[in-house]
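The values are calculated or read from the model by the stated rules, or taken from the named source; none is laboratory data. None of the values given here were measured: they were computed from a predicted structure. Cβ coordinates were reconstructed from backbone atoms using ideal geometry, including for glycine residues, and neighbour counts include every protein chain displayed. Only protein heavy atoms, including side chains, enter the accessible area calculation; ligands, DNA and RNA are left aside. Shrake-Rupley method; radii C 1.70, N 1.55, O 1.52, S 1.80 Å.
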Amino acid sequence: MTIRFTEDHEWLRPEGDLLVVGITEHASEQLGDVVYVELPEAGRTVAPGEEICVIESVKAASDILAPLAGEIVEVNEALPDTPGAVNDDPMSAWFFKIRPADASAVNGFMDEAAYKAFIG
Amino acid sequence: MAGDTGLKRTALHDLHVKLGAKMVPFAGWSMPVSYPMGVLKEHLHTRAAAGLFDVGHMGQVMLPAGAVAALEALVPVDIAGLELNRQRYAMFTNDAGGILDDLMVSNRGDHLFLVVNAACAEADIAHLNAHVPGVTVVTGRGLLALQGPAAEAALQRLLPGVAAMRFMDVATFLWQGEDIWVSRSGYTGEDGFEISVPDAVIAAFAEALLAMEEVAPIGLGARDSLRLEAGLPLYGHDIDTTTSPVAAGLAWAIQKARRAGGARAGGFPGAERILRELAEGPASKRVGLRPEGRAPMREGVEIYAEAEGGSPIGTITSGGFGPSIEAPMAMAYLPATLAEGATVYGEIRGKRLPARITALPFHPTRYKR
């Protein structure tokens, strides 16, 4: 299974029947140094576009939106204590794992080549 | 100089671009908000070594030496008592006792030298022209700030003699045949200098500093977090036409001579309110807030006395994350009856989060007095 990208600059990496979600290097560069991360509670059912995480950089606050409908299964408990990981290694600094309501929905997102073209 | 975006550019614009700065519009100018190092590291570098800031967007103005009384009629500050080659913080007040702008004034013997905020420069110059004869807007010079514990050693290499200056001293030095006007002051809470340099040599001067190991270029982003940690107000945010110098915690800038019973008491716009607040205390005052946890409380966040219910008792005027204190910090105007150490609540995303009223600055200042 291939890693996918959303237009909101999130990456979705399949892991079994779950998707691991983080933000892209492009997003982390745009945000600047991340100093605060607020995660959703595991077990929460979310709708696409729902604001589920807060990221604050030295510059501003922004949200991470649920990429698709599903249930938040696990969150990265270490991240709020080490928010700088989002800048240091954005592809490893995951925020949450979601079990999509529709397992095929992930195929609607961009692959890496399409995302690279998207951000220009 | 105007670029094709209509934004003015400082004489260092090309250098910023070469250094990879992210340029943003600020008060009508195209200014570097950060360099590839990033805001957080730029902030920490300034506290650990030396940061070089382009503050050429700020207004530089000269008044004739004879304008002391005319200037005193606009500011609640003792200008007549300002010693030769010394600088003082001041503010233009309005008739309601609010602040039109804050500025630096130095006594250069045959003239007074003023540095005003970029966003207010045009209005300040009109205000000065309406009340003070002989106003000269300085053109053809940029302004740099070199800030941090290594600033003295770095600048001393280019301008031998600066190390002997004390906080708020001003002096002129020669570099490559040009007059460099230096004050030992800044907006970061660190020791450092503000340096007025002719456009003709400012890029070379900046590059000579940047070539030194301890000096890095710093953008407006880190300038803001540095001044916030230092407890320094930002005009248009923490002080404005509605806030008096006393409520803003700037009574220290009003010397004895201009207070009740002083040699030249009053005689500035808004004296009635300002002298009354000096005597009786202001109804509200600018305080520091340390939010619990890591969530920053930013400008506009409303402050409540209780965790639930009630009406806001104040609003955050500046807030963010302090890289050196490794914690969020904010400033707000709150009722003067609230004591330091009291807990109040800032509402973020519908949740009321506790914050403690704390003394300013958040990070100790290190001026060389």
**Item:** Among B:P328, B:P160, B:P32, residue whose mean-square fluctuation peaks in a GNM of chain B (springs only between Cα atoms under 10 Å)
**Value:** B:P160
**Asked** If one takes the accessible area of chain A alone plus chain B alone and subtracts that of the pair, with a 1.4 Å probe, what total in Å², rounded to the nearest 100, results?
**Response** 1200 Å²
**Asked** Dividing the convex hull volume of the Cα atoms of chain B by its residue count, what figure in Å³ per residue is obtained?
**Response** 139 Å³
**Request:** Go through the stretch B:23-44 and flag every residue whose accessible area shrinks by 20 Å² or more with all protein chains in place compared to the isolated chain (probe 1.4 Å).
**Result:** B:V39, B:L40
**Complete:** For the protein assembly as shown, the Cα-Cα pair-distance distribution in 20 Å bins from 0, as whole percents, is 22, 49, 25, 5, 0
**Request:** Go ahead and run the numbers for FRET between B:D199 and A:K116, Cβ-Cβ distance against an R0 of 51 Å, rounding to 0.05.
**Result:** 0.75
**Fill in**
Partner aspartates and glutamates whose C-alpha sits under 16 Å from that of A:K116, ignoring same-chain residues fewer than 8 away, are A:E7, A:D8, A:E10, A:E25, A:E29
**Prompt:** Using the Cα gyration tensor of the stretch B:1-140, with a ≥ b ≥ c the square roots of its eigenvalues, what is the shape: rounded (a/c below 1.5), prolate (a/b larger than b/c) or oblate (neither)?
**Reply:** prolate
**Residues B:E326 and B:E213, FRET efficiency given R0 of 22 Å [Cβ-Cβ distance, rounded to 0.05]** = 0.30
**Asked** At a 1.4 Å probe radius, carbon and sulfur cover how many percent of the accessible area of the protein assembly as shown?
**Response** 52 percent
**Item:** Only Lys, Arg (+1) and Asp, Glu (-1) charged, at Cβ; chain A dipole about Cα centre in debye
**Value:** 260 debye
**Prompt:** Once you sort the root eigenvalues of the Cα gyration tensor of the stretch B:3-62 as a ≥ b ≥ c, which label holds: rounded (a/c under 1.5), prolate (a/b larger than b/c) or oblate (the other case)?
**Reply:** oblate
**Item:** Average beta carbon contacts from partner chains per residue of A:23-35, 10 Å cutoff
**Value:** 3
**Request:** Report the full-extension gain for the segment B:R366 to B:E272: residue separation times 0.36 nm, less the Cα-Cα distance, to one decimal in nm.
**Result:** 30.4 nm
**Complete:** For chain A, the percent of all C-alpha pairs falling in each 5 Å bin, from 0 up to the bin holding the max distance, is 2, 12, 24, 26, 20, 12, 3, 0
**Request:** Keeping all protein chains in place, calculate the accessible area per residue for the stretch B:1-281 (probe 1.4 angstrom), answer in Å².
**Result:** 38 Å²
**Complete:** Largest-first semi-axes in Å of the equivalent ellipsoid built from the Cα gyration tensor of the stretch B:241-369 are 31, 18, 11
**Fill in**
Which of B:K22/B:K285; B:K256/B:K285; B:K8/B:K285 exceed 27 Å between C-alpha atoms? The answer is B:K22/B:K285; B:K8/B:K285
